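First up is the structure itself, then whatever we jot down about it.
The values are calculated or read from the model by the stated rules, or taken from the named source; none is laboratory data. On a predicted model such as this, the values are computed, not experimentally measured, just so you know. Every residue, glycine as well, gets a Cβ built from its backbone with ideal geometry; the counts of neighbours run over all protein chains shown.
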Amino acid sequence: MKNRWIIYLTFSLGFMVIAACGNKKAASQGEANPLFKDPLLAGVTGKIQAEPKNAALYYERGNILHKMKQDTFALDDFKKAVALDSTHAEYYSAIGDLLFEHKDIKGSIQWLQKAIAINKEDPTAHLKIAKMFIYAKDFPKAFGEINTVLRQDIYNPEGYYLKGIIYKNLKDTSKAISSFQTTINVAPQYKDAFIQLGILYGAKRDPVALKYYDNAFKLDTLDVSPLYDRGMYYQDQQKYEEAKAEYKNCIMHDHQYADAYFNIGWILMQQDSLDKAWRQYDIVTQIAPDNVDAYYNRGLCAEMMGKKQDAIADYKQALVFDKNYMKASAALKRLGAK
């Protein structure tokens, strides 16, 4: 640090100011965004300001941004990491992973291939390619990629999780359950494995499914989908009161969870509580204004209550969002509306 200041002192003050400004600009284009003042990001952003050429810091912040679902900024940071240091396979894998999540398969493959070119055993790249093969239903090749990873790391939880997904696709429930169970044995915090176990046991109407959903929710109380899944467990067995109680619990934790309101509405329709059902669908249209099923079901409630014009208006609204929504077209024809 002393040597740096000695060098600086040999130059003009004006040059020093320009250089400092240049370094600040290079550090991060996103620092002006209020997002970067978030406590989760402030620390690493400060480090980037101090070390604007440290690729690892951009990679670290990119991962935090991804967890925060700020993928545009995350992608920028991952690419910055690659630009600063092109020798790390995980930087390329992170970009490929992110692009895959956003359905850019072609772009994803290019970055993953670069990762493997740097490190032939890069686990992230192999597992992401495995996901692509699963997506394409090419399960033998997917197993090949997964096994490449597990041979070098028998404790890699995602490898076992992806095997479970393959077995689930192959309708081999016992092997799927075994794979998901191994996943949580290796990584007790692997929420998605708990959810998958809940789904598989739920399909067998085994009440142990409820415990798996509970564990999934405890791992991330900001995600209320496991509570919704508990409701579906009861709904599928026509235990409607229990299902409604679960959906209401879901709504207590997240007032904007549209699917819970929708399913309560559906149950109320089965119980001939049309007016109450209509109100649930009305809430859904406010939370998710483009939900065509909510407009259709609200219209159906109105029609069954003899409110023809209200029903017609809802069926037409459903067609505004989806002109090919056949149930709404059929309903309008049934009511003699154009």
Quiz item: Within the range 292-316, which residues are more than 31 Å from the chain's Cα centre (by Cα), assigned to a helix (DSSP H, G or I), over 12 Å from S329 (Cα atoms) and of a type in the set (K, R)?
Solution: K308
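So is A176 modelled with pLDDT of 95 or more, farther than 30 Å from D254 by Cα and surrounded by 18 or more Cβ atoms within 10 Å (Cβ to Cβ) or not? It would help to see each step written out before you state the result.
Details: modelled with pLDDT of 95 or more: yes; farther than 30 Å from D254 by Cα: yes; surrounded by 18 or more Cβ atoms within 10 Å (Cβ to Cβ): yes.
Here the answer is yes, as A176 does meet what is asked.
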Self-check item: Inter-residue pairs, beta-carbon under 7 Å, first farther than 20 Å from D77 by Cα and in contact (Cβ under 8 Å) with a residue 40 or more places away in the chain and in the range 95-118, second surrounded by 15 or more Cβ atoms within 10 Å (Cβ to Cβ) and of a type in the set (A, V, I, L, M), 6+ apart
Solution: none
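Given the condition at pLDDT below 90 and in contact with a helix residue (DSSP H, G or I) (Cβ under 6 Å, 6 or more places away or on another chain), answer yes or no: does some residue in the range 3-23 qualify?
Checked against the condition, which is being at pLDDT below 90 and in contact with a helix residue (DSSP H, G or I) (Cβ under 6 Å, 6 or more places away or on another chain), the range 3-23 yields at least one hit.
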Exercise. Could you give me the residue pairs with C-beta distances under 6 Å whose first residue belongs to the range 207-229 and is in a helix (DSSP H, G or I), whose second residue is of a type in the set (K, R) wherever it lies, and which are 6+ apart or on separate chains?
Key: L210/R230; Y213/R230; A216/K191; L219/K191
Quiz item: Can you find a residue in the range 182-199 that is over 26 Å from M232 (Cα atoms), part of a helix (DSSP H, G or I) and acidic (D, E)?
Solution: no
Quiz item: Hey, P188 hits all of (1) of a type outside the set (A, V, I, L, M, F, W, C); (2) in contact (Cβ under 8 Å) with a residue 24 or more places away in the chain; (3) surrounded by fewer than 20 Cβ atoms within 10 Å (Cβ to Cβ) but one; which does it fall short on?
Solution: (2)
Self-check item: Considering residues of the range 276-292 that are under 14 Å from D314 (Cβ atoms) and of a type in the set (D, E, K, R) only, the residue surrounded by the fewest Cβ atoms within 10 Å (Cβ to Cβ)
Solution: D290
Quiz item: Out of the range 65-89, which residues are in contact with a helix residue (DSSP H, G or I) (Cβ under 7 Å, 6 or more places away or on another chain) and surrounded by fewer than 19 Cβ atoms within 10 Å (Cβ to Cβ)?
Solution: M68, D71, L75, K79, L84, D85, T87
Self-check item: Output for the range 238-289, where each listed residue is part of a loop (DSSP other than H, G, I, E, B) and closer than 22 Å to M304 by Cβ
Solution: Q238, Q271, D272, S273
Self-check item: Qualifying positions in the range 299-318 - surrounded by 16 or more Cβ atoms within 10 Å (Cβ to Cβ) and in contact (Cβ under 8 Å) with a residue 24 or more places away in the chain
Solution: G299, L300, C301, A302, E303, A311, I312, A318
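If you take the residues in the range 149-181 that are of a type in the set (F, W, Y) and either in a helix (DSSP H, G or I) or within 20 Å of V208 (Cα to Cα) (or both), which one is farthest from the chain's Cα centre (by Cα)?
So the residue we want is Y167.
For every residue, the table says whether it meets (1) over 21 Å from the mean Cα position of the chain (by Cα); (2) surrounded by fewer than 13 Cβ atoms within 10 Å (Cβ to Cβ); (3) part of a helix (DSSP H, G or I).
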residue: I116; (1), (2), (3): yes, no, yes
residue: K120; (1), (2), (3): yes, yes, no
residue: K128; (1), (2), (3): no, no, yes
residue: I134; (1), (2), (3): no, no, yes
residue: K141; (1), (2), (3): yes, no, yes
Quiz prompt | Residue identified as modelled with pLDDT under 90, of a type in the set (K, R) and more than 21 Å from I166 (Cβ to Cβ) among K131, K106 | solution = K106
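Residues that are closer than 26 Å to D223 by Cβ and either assigned to a loop (DSSP other than H, G, I, E, B) or at pLDDT 90 or above (or both): does the range 79-88 have at least one?
Taking the range 79-88 and keeping what is closer than 26 Å to D223 by Cβ, we get none.
No; the residues of the range 79-88 include none that is closer than 26 Å to D223 by Cβ and either assigned to a loop (DSSP other than H, G, I, E, B) or at pLDDT 90 or above (or both).
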Quiz item: Name the pairs whose Cβ atoms lie under 7 Å apart, with the first residue in the range 73-89 and within 18 Å of L41 (Cα to Cα), the second assigned to a loop (DSSP other than H, G, I, E, B), and 6 or more positions between them or separate chains?
Solution: F73/G30; D76/G30
Quiz item: Is it the case that the range 253-264 has a residue that's out of contact with any His (no Cβ under 9 Å at 6 or more places or on another chain) and more than 24 Å from Y295 (Cα to Cα)?
Solution: yes
Quiz item: With respect to Y201, is the statement that it is within 21 Å of the chain's Cα centre (by Cα) and under 27 Å from G159 (Cα atoms) true?
Solution: no
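Name the one entry in A216, A260 that is farther than 22 Å from V284 by Cα, surrounded by 22 or more Cβ atoms within 10 Å (Cβ to Cβ) and among the aliphatic types (A, V, I, L, M). I'd like the intermediate steps shown before the answer.
On the way: A260 fails: farther than 22 Å from V284 by Cα.
Sole residue among the options that is farther than 22 Å from V284 by Cα, surrounded by 22 or more Cβ atoms within 10 Å (Cβ to Cβ) and among the aliphatic types (A, V, I, L, M): A216.
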Self-check item: In the range 214-233, the residues that are in contact with a Phe, Trp or Tyr (Cβ under 6 Å, 6 or more places away or on another chain) and of a type in the set (S, T, N, Q)
Solution: N215
